[in-house]
1. Of all residues being in contact with a strand residue (DSSP E or B) (Cβ under 7 Å, 6 or more places away or on another chain) and within 30 Å of Gln320 (Cβ to Cβ) in segment 78-103, which is most open to solvent (accessible area, probe 1.4 Å)? Just the residue, please.
2. Could you grab me the full set of residues in segment 151-183 that are of a type in the set (Lys, Arg) and within 16 Å of the ligand (Cβ to nearest atom)?
3. List pairs: first in segment 11-23 and within 7 Å of Tyr46 (Cα to Cα) and touching a residue at least 40 places away in the same chain (Cβ under 8 Å), second within 7 Å of the ligand (Cβ to nearest atom) and of a type in the set (Gly, Ala, Ser), Cβ under 6 Å, 6+ apart or cross-chain?
4. For residues that are part of a loop (DSSP other than H, G, I, E, B) and in contact with a helix residue (DSSP H, G or I) (Cβ under 6 Å, 6 or more places away or on another chain), tally how many sit in segment 225-243.
5. Among the residues of segment 15-29, which ones are open to solvent by 10 Å² or more (accessible area, probe 1.4 Å) and out of contact with any Lys or Arg (no Cβ under 7 Å at 6 or more places or on another chain)?
6. Test Arg196 against the criterion of being open to solvent by less than 50 Å² (accessible area, probe 1.4 Å), among the charged types (D, E, K, R) and either touching a residue at least 12 places away in the same chain (Cβ under 8 Å) or within 16 Å of the ligand (Cβ to nearest atom) (or both), and give yes or no.
7. Consider Asp263 carefully, then state whether it is within 16 Å of the ligand (Cβ to nearest atom) and crowded, with 17+ Cβ neighbours inside 10 Å.
8. Quick one: which residue in Ile32, Ile12, Ile8 is under 16 Å from Ser136 (Cα atoms), surrounded by fewer than 22 Cβ atoms within 10 Å (Cβ to Cβ) and more than 16 Å from the ligand (Cβ to nearest atom)?
Amino acid sequence: MTTSSDKIVTAIAHTNIALIKYWGKRNAEFIIPYTGSLSLTLDQFYTQTSVQFDASLDQDSVSIDDQLIDGNGWQRVHNFLNIVRQQSGITLNAQVKSENHVPTAAGLASSASAFAALAAAASRAAGMDLDLQALSRLARRGSGSACRSIFGGFVEWQRGTNDADSYAVPIETPNLNDIRIVALTVEKHHKPISSRQGMALSVTTSPYYPTWVKVVESDLQSIKSAINADDFTRFGTISELNAMRMHALTLSANPDFLYFTGDTLEAMNEVKRLRHSGIECYYTIDAGPNVKVICQKQNVAAITDTFSKMFGPEKVTVAQPGPGVKYL
Ligand code: PMV
């Protein structure tokens with residue numbers, strides 16, 4: 001069936017930072033993870049994406065920040081659009097225009113906001129009217145963490161076992177709403193290995209991977225109970241622990257790899273020093289060298305002061321809980 005559509009649909013999605021990490025797929029085609037994960041959607045970085053299916057195009061056209069892309073980037077978007085075409089029955093090619101809104105060097109760029117915005121815009125442009133659960137499942141097919149960016153605030157990705165039951169749900173809570181994330185961009189480019197490759201290597205070669213799967217179950221229970229109890233200390237402690245447990249899987253892979261640089265370690269030590277001096281904060285780190293400092297509103301000034309002196313003010317961005325996906 002060739003459905004024609006000239007509707008341009010624009011969607012906005014914000015990025016998220018995982019506090020309990022997703023690290024490993026049990027099914028790579030459908031992106032079904034081995035474990036659940038839990039994140040906070042942030043206000044400071046978002047992707048705005050417009051999609052139009054257009055009979056005059058002989059292939060999908062994809063631009064990011066006004067630059068046409070090709071190669072692997074194009075292929076990934078094209079593969080995702082094929083899923084939308086398969087689900088909707090539309091057979092036209094699409095024009096995709098994406099803009100990333102990032103505060104200077106925030107280091108928050110992520111495939112999460114990109115695929116959440118693309119899922120929302122492309123599905124509606126193809127004539128589908130998906131509810132948020134279905135949208136989360138669709139976004140997951142582009143990038144696992146994208147399924148969480150459909151929702152705002154605290155979000156849990158319930159791992160499920162198949163395409164139908166692996167999706168994110170919001171954790172509706174008035175608690176911990178003074179939480180802030182101070183993002184430190186210690187380096188922009190250092191990424192020895194993508195998260196996709198890194199997690200696959202950890203799953204297949206780290207002898208600790210089965211233990212990770214077990215421990216994440218209890219980390220998830222602990223963090224949800226900390227959120228429920230409005231207990232920032234327990235929340236921060238378990239977030240930091242879980243991040244280090246994830247990075248232990250990179251050190252124990254074969255061959256081993258490491259996302260940290262010297263600056264990453266200095267920032268981690270400084271977070272501990274601040275904490276011991278009474279300024280409560282914790283760190284979390286994704287598949288890269290940049291450090292996100294988890295704190296509460298009242299300590300933002302002291303923390304940004306310290307890290308501005310260490311790395312320069314342009315490397316420090318303060319984020320707070322952000323919204324779920326929206327249409328313009
Ligand atoms: O969604 P991906 O393939 O970009 O992987 C995300 C991996 C981490 O950011 C390290 C953890 C997470 O849960 O977001």
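The values are calculated or read from the model by the stated rules, or taken from the named source; none is laboratory data. Values in this document were obtained by computation on a predicted structure and should not be read as measured data. With ideal geometry, Cβ positions are generated from the backbone for all residues, glycine too; neighbour counts draw on all protein chains shown. These area figures cover heavy atoms from the full protein model, side chains too; ligands, DNA and RNA do not enter into them. Shrake-Rupley method; radii C 1.70, N 1.55, O 1.52, S 1.80 Å.
1. Lys97
2. Arg159
3. Correct list of pairs: Thr15/Ser110; Thr15/Ala112.
4. Adding up the residues that qualify gives 0.
5. Tyr22, Lys25, Arg26, Asn27, Ala28, Glu29
6. Here the answer is no, as Arg196 does not meet what is asked.
7. No.
8. Criteria check complete, one pass: Ile12.
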